[in-house]
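Take a look at the structure below.
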Amino acid sequence: MRRVLILGGTAEARALADALAGDPALDVVSSLAGRTDQPRLPAGRSRSGGFGGAAGLTAWLRAERIHAMIDATHPFAAEISRHAAAAATAADIPLLALRRPGWTPGPGDRWHWADTVRHAATLAPALGSRAFLTIGRQELAVFAGLDLHLLARMVRDPTPPLPRNCRVLLARGPFTLAGESALLREHRIDLLVTKDSGGGATAPKLAAARASGIPVLIIRRPPPPGGVDTAASPAEAAAWLAARIGPA
Ligand code: NAP
């Protein structure tokens, strides 16, 4: 048996675990951060919670005799990706970063790029007065003190403190164009602020903004750790795995 660790928390990680589950030569374990109460669990074995930094992950990889690791975490989960790169080197196992492609603007889009969430907060007041924030739950505080009405959507309760004038909407995708358009209208949104997460499940907000002529402030992805192989889809990741660890 070849043991594989998938660092998860994304639809792509689940799809990869599902695809590998039927392979009798593989023993796949998926790892979740443990932040969501009712996570959508992948096929096969899974574990939950942090490893204790790069050193903890290295020790875990050795103890579990892992042959290869696939970092299929969210493109903005930069810390765990750094730890994965360091731990793969320390434990001397191959590592692949599975990253779905980012979004690209089309005709009619009014996109403005920001380098970080903090940078987006400095740009936002010049672009709108009623902002729809889809940046997750951890960095809302950087929008405090701005003259903006905020509607912030996230999967679970935000990390305090919450900015003034911020209304929270708890919801998990996939979303639809009709639903997103209705939301923008209902809250009289005139600016969408989002991370460049990529993928189809949350893309309808971009189409809704385009249809309504609303500008989008889009936050660039953090740079991935250097020197790590990358794949853009679960199928590419499965092919990489077959090539790198071979038959049992
Ligand atoms: P992060 O800042 O990169 O990681 C912080 C710490 O959380 C890591 O150092 C690690 O703790 C633990 N951790 C993160 N992902 C883990 C995993 N898959 N398995 C075990 N431990 C993990 O991560 P984050 O941005 O908070 O994201 C947390 C999880 O949510 C990830 O699994 C990610 O795929 C998912 N997610 C993130 C976003 C986003 O916008 N950031 C969006 C959707 C889903 P230790 O150092 O103790 O090992």
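The values are calculated or read from the model by the stated rules, or taken from the named source; none is laboratory data. In this text, all values refer to a predicted model and were calculated from it rather than measured experimentally. Quick reminder, even Gly has a Cβ in these numbers, built from the backbone with ideal geometry, and neighbours come from all protein chains shown. Keep in mind that these areas ignore ligands, DNA and RNA; they rest on the heavy atoms of the full protein, side chains included. Shrake-Rupley method; radii C 1.70, N 1.55, O 1.52, S 1.80 Å.
Points worth noting:
- The value of relative contact order for segment 97-155, using C-alpha pairs under 8 Å at least six residues apart, is 31 percent.
- For segment 1-158, the residue among Leu32, Thr116, Gly53 whose Cα projects farthest onto the positive side of the dipole built from Cβ charges is Leu32.
- Computed from the Cβ-Cβ distance with R0 of 35 Å, the FRET efficiency linking Leu169 to Thr230 stands at 0.60.
- Short-range pairs are left out: with C-alpha atoms under 8 Å and at least six residues apart, the relative contact order of segment 111-219 is 32 percent.
- Full extension of the chain between Arg65 and His187 yields a length gain of 38.7 nm, computed as 0.36 nm times the residue separation minus the alpha carbon distance.
- Shape of segment 111-219, Cα gyration tensor, a/c cut at 1.5: rounded
- Within the chain, helix-based [θ] at 222 nm, where runs of 4 or more DSSP H residues each add -39,500 (n - 2.57), nearest 500: -9000 deg cm²/dmol
- Heavy atoms of Glu186 accessible to a 1.4 Å probe, total area in Å² rounded to 10: 130 Å²
- Of interest is the spacing of the C-alpha centroids, which for segment 33-110 and segment 203-217 amounts to 30 Å.
- Only Lys, Arg (+1) and Asp, Glu (-1) charged, at Cβ; the chain dipole about Cα centre in debye: 380 debye
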